[in-house]
Amino acid sequence: MTTNDPLLDLIESMPTVRRLLRSSFEFDVERKAYGEGLRLASGAALEPIAGDFTGGAYFLCPEEDGSRAVVFASSDGEAGLIADDLAGALEVIVGLGWRDCLAFSGGGDVKVMQATARHAERSLARDNPQIGEERARVAEALALRVVPVADLVIRLQAAAARTEPDYRVTTDDGGVYDPLFGEHSEPRHGGWQ
């Protein structure tokens, strides 16, 4: 299955942006192999559009009301909705340490996710002092909105909370992926550094 998504076409046409998305934001449009046999619980096929460093994958869902929602499936068996369209997903992916916000969400508590986002932002800035510049370059190149982190957390929490039932991910053999919300509010060994 191939897509005619203009935003994906734009990413493909811009090698510098494509490299930044891969290296700084773990959105690699050349990693589409993961996720064979995954589909929505309704049976609808998912279209792989990118992968991350750990074997997770991003998928476009079938079109609904003129847009295609984006789900993420981790290699650890968690999956769910992250945005209603690709632009919204990229705003979250580029603007937020989103995986930590979900993993350490206290089961989907937005206040816990906000606290996690603050810790993740400090860690990102420490590990990559150019993260702000890189975010701005990608946002400008792809005409993405620059959204405050607190607002991105709210959007992400709302999207992930809508995973059931329409965006639940299953395997060919009937296995069901777990939700993206983790139960813990911080890392178990040593907390936030």
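Every number here is computed from the coordinates shown, using simple stated rules; none is lab data. As the structure is a prediction and not an experimental result, all values here were calculated from the model. Methodologically, a virtual Cβ is constructed for each residue, glycine included, from the backbone with ideal geometry; neighbour enumeration extends over all protein chains shown.
Some observations on this one:
- Local electrostatic count at ALA83 - Lys and Arg +1, Asp and Glu -1, tallied over other residues with Cβ under 9 Å: -2
- From largest to smallest, the equivalent ellipsoid semi-axes obtained for segment 120-177 from the alpha-carbon gyration tensor read 31, 15, 13 Å.
- Taking the average, over residues, of other Cβ atoms within 10 Å as the packing measure, peptides 138-145, 22-29, 54-61 rank 54-61, 22-29, 138-145 from highest down.
- Pairs of Cα atoms nearer than 8 Å and 6+ residues apart set the relative contact order; for the chain it is 24 percent.
- By the helix-only formula, in which each DSSP H run with n ≥ 4 contributes -39500 (n - 2.57) and the sum is divided by residues, the chain has a 222 nm mean residue ellipticity of -12500 deg cm²/dmol.
- Across segment 7-75, Cα-Cα pairs farther apart than 15 Å form 53% of the total.
- Three-way shape label, segment 6-168, alpha-carbon gyration tensor, a/c 1.5: oblate
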